[in-house]
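Report on one structure; see the data block that follows.
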Amino acid sequence: MVTVRVPATTANLGPGFDTFGCALSLYNTLTFSETDGDLRFSGCEAAYCNADNLSVVAYRRVMEALGLPMPGLDITMDTQIPICRGLGSSASLIAAGAAAANALHGSPYSPLELLGICNAIEGHPDNLAPALLGGLVASFVEDGRPFAARYDVHPGLHFTALIPDFELSTHAARRVLPKEVPYGDAVFNVSRAAVLLKALEQGDKELLRVSLDDRLHQPYRRSLIPGYEQVRALALDCGALAFCISGAGPTLLCLSMEDGFDAALARHLHELPQRWTQLPLPVDHTGVQVTLS
Ligand code: HSE
């Protein structure tokens, strides 16, 4: 039996579309046992208790890569990461299944190699890389081969997620993106992305304010998130340094360095038209954790 704990992740971080992601201290924990029977789930919504469950899909991919037959599985799920909210719940299930199969068969693959296998399921590595490696990660996959670089995050920097009571599927959020972008917008993002990484490392407030910006996805997605403008205005009024859509949304992410930010935001949250849950989420530096028993 193996227990796998996988962190939530916030992808894109403004200018790093499909590239940057950071692991956050909110977890899905899954336990897997191989059996001679079929698939059995506990702690999982009925709609997801089947072979299309992403943890099962990933488990199977690793077994195929190892040249081994797919066993029956008993899977127990304790899921804290909300579904379809832009906090990496899909990536967490994929990482869990892949890490479980790997661990139960002698751990032949490194976390980076697992990223290559997992990315073939998700199609972009920005949630998967921090889910597997922990911390702030920039990554890409070229010809099926994953490349990832980890960056430090200044310890004084706070991430606060504002999670709405409505869902937004990544599929719907990708459908609104254009096929091409103006050259100037590409340059805008390259410059902000490079500066942002240093700003996050050094906790440089001025650089964070200007570099956590984006022209590749947020301008197209804002209108899918009712209340976006009001939440942004409130967050900045309460002292957020910067603000962005978490992954494909609809969760919105505030970055702050002032102790009073969360308390100030909590005092005013009821003024917003929609219902938002405020969740301070420290960075997770560990990534996927596997315990064999
Ligand atoms: N980079 C992805 C997107 C993250 O923004 O569509 C969502 O999984």
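The values are calculated or read from the model by the stated rules, or taken from the named source; none is laboratory data. Predicted model, so just to flag it, every value in this text is computed and none were measured. Positions of Cβ are generated from backbone atoms using ideal geometry, with glycine treated the same way; all protein chains shown enter the neighbour counts. Just the protein is used for accessible areas: all its heavy atoms, side chains included, with ligands, DNA and RNA removed. Shrake-Rupley method; radii C 1.70, N 1.55, O 1.52, S 1.80 Å.
Observations, loosely collected:
- With all projection directions averaged, the alpha carbon convex hull of the stretch 6-71 covers 6.2 nm².
- Over the chain - Rg/Rh using Cα atoms and the Kirkwood inverse-distance radius: 0.98
- Convex hull of alpha carbon positions in the stretch 189-279: directionally averaged projected area 5.9 nm².
- Net charge in the neighbourhood of R60 (other residues with Cβ under 13 Å of its Cβ; Lys, Arg +1, Asp, Glu -1) is -2.
- One quarter of the surface of the convex hull around the alpha-carbon atoms of the stretch 166-236 equals 5.8 nm², the direction-averaged projected area.
- If you take the Cα centroid of the stretch 63-123 and the Cα centroid of the stretch 177-240, the two points sit 30 Å apart.
- Alpha-carbon Rg/Rh ratio, for the stretch 142-293, with Rh computed the Kirkwood way: 0.98
- Between helix 89-104 and the chain: long-axis angle, C-alpha atoms, 0 to 90°, nearest 10: 30
- The Cβ shell under 9 Å around T29 holds other residues with a net charge of 0, Lys and Arg each +1, Asp and Glu each -1.
- The coefficient of translational diffusion for the stretch 123-215, derived via Stokes-Einstein from the alpha carbon Kirkwood radius under 10 °C and 1.306 mPa s, stands at 102 µm²/s.
- Apportionment of accessible area to carbon and sulfur, the stretch 1-135, percent (1.4 Å): 50
- Measuring between their Cα centroids, the stretch 1-54 and the stretch 142-158 lie 20 Å from each other.
- Temperature 37 °C, viscosity 0.692 mPa s: under these conditions the Stokes-Einstein estimate for the stretch 69-132, based on its Kirkwood radius over C-alpha pairs, is 263 µm² per second.
- Taking the Cα centre of the chain as origin and assigning +1 to Lys and Arg Cβ atoms and -1 to Asp and Glu Cβ atoms, the resulting dipole is close to 380 debye.
- Rh (Kirkwood; distinct C-alpha pairs) - the stretch 30-161, Å: 15.5
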